[in-house]
1. Within the stretch 70-96, work out how many residues are outside any helix (DSSP H, G or I) and open to solvent by 60 Å² or more (accessible area, probe 1.4 Å).
2. Consider Thr63 carefully, then state whether it is among the hydroxyl-bearing types (Ser, Thr, Tyr) and open to solvent by less than 60 Å² (accessible area, probe 1.4 Å).
3. Scan the stretch 8-28 and give yes if some residue there is under 16 Å from Pro77 (Cβ atoms) and among the hydrophobic types (A, V, I, L, M, F, W, C), otherwise no.
4. With the structure loaded, tell me whether Arg13 is open to solvent by 60 Å² or more (accessible area, probe 1.4 Å), closer than 30 Å to Val137 by Cβ and of a type in the set (D, E, K, R) or whether it fails that test.
5. Being farther than 30 Å from Met130 by Cα, at pLDDT 85 or above and either among the aliphatic types (A, V, I, L, M) or surrounded by fewer than 10 Cβ atoms within 10 Å (Cβ to Cβ) (or both), is that true of even one residue in the stretch 20-31?
6. Tell me which residues, restricted to the stretch 32-60, are surrounded by fewer than 13 Cβ atoms within 10 Å (Cβ to Cβ) and in a loop (DSSP other than H, G, I, E, B).
7. Of (1) in a helix (DSSP H, G or I); (2) surrounded by 10 or more Cβ atoms within 10 Å (Cβ to Cβ), Lys4 satisfies all except one. Which?
Amino acid sequence: MVFKTGDSTVIGRIAGLASSADAHSTTLAIEIEKFIYIISAIAITLGVVFFCAGFAVGYPVITNIVFAIGIIVANVPEGLLATVTVALALTARRMATKFVLVKNLESVETLGSTSCICSDKTGTLTQNRMTVSNIFVNGQILDASTNYEIYQRLLELEAAKGDKGNVKNVPVPKYDTNDATFRTLVETIALATVSFFSY
């Protein structure tokens, strides 16, 4: 039974909150903007100074204009964009090895001044994976945080250790996989995740 769709669902509300959030400039963006203003002021000032100095020496107007433009253009750091992008991309790649999903390169620099990171434990934000934590079936809420396949794999690993293995340390799922209603629910979830609307 479907009782909420689209923006009315929890995922829809989360998406709405994420899209409507105010986008503040990162520390890196603010610093680069300041740097651009300073470089622009220096370049224009030097261009005007040398333009006036050219008149004082007695050069023609065209020569002074070309010289002033040359000085202004020479002060523009062409390699700034490439250097910043490569530095952030390398950091993002290192973070990817730690299973951290970076969606915005500018946020990499912000993490350097972060003292606390709040994240969901399921890995929806950090690993771009969504998992079920609770299931409502047969009138009761079941803890579904323990994956049955992982449970079986851990049992096999502990059994392979022989006398050194301890099967009691493996977390046991809180649901019954042989229950007909539970199996129908899991089958429905599996089929619904690959469904699509055809108009």
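1. Adding up the residues that qualify gives 2.
2. It is false that Thr63 is among the hydroxyl-bearing types (Ser, Thr, Tyr) and open to solvent by less than 60 Å² (accessible area, probe 1.4 Å).
3. yes
4. Judged against the criteria, Arg13 is a match.
5. Among the residues of the stretch 20-31, at least one is farther than 30 Å from Met130 by Cα, at pLDDT 85 or above and either among the aliphatic types (A, V, I, L, M) or surrounded by fewer than 10 Cβ atoms within 10 Å (Cβ to Cβ) (or both), which makes the answer yes.
6. Result: Gly58, Pro60.
7. (1)
The values are calculated or read from the model by the stated rules, or taken from the named source; none is laboratory data. The shown structure was predicted, so the numbers you read here are calculated from the model rather than taken from an experiment. Positions of Cβ are backbone-derived with ideal geometry, glycine not excepted, and every protein chain shown enters the neighbour counts. To get the accessible areas, we keep the full protein, side chains included, count just its heavy atoms, and leave off ligands, DNA and RNA. Shrake-Rupley method; radii C 1.70, N 1.55, O 1.52, S 1.80 Å.
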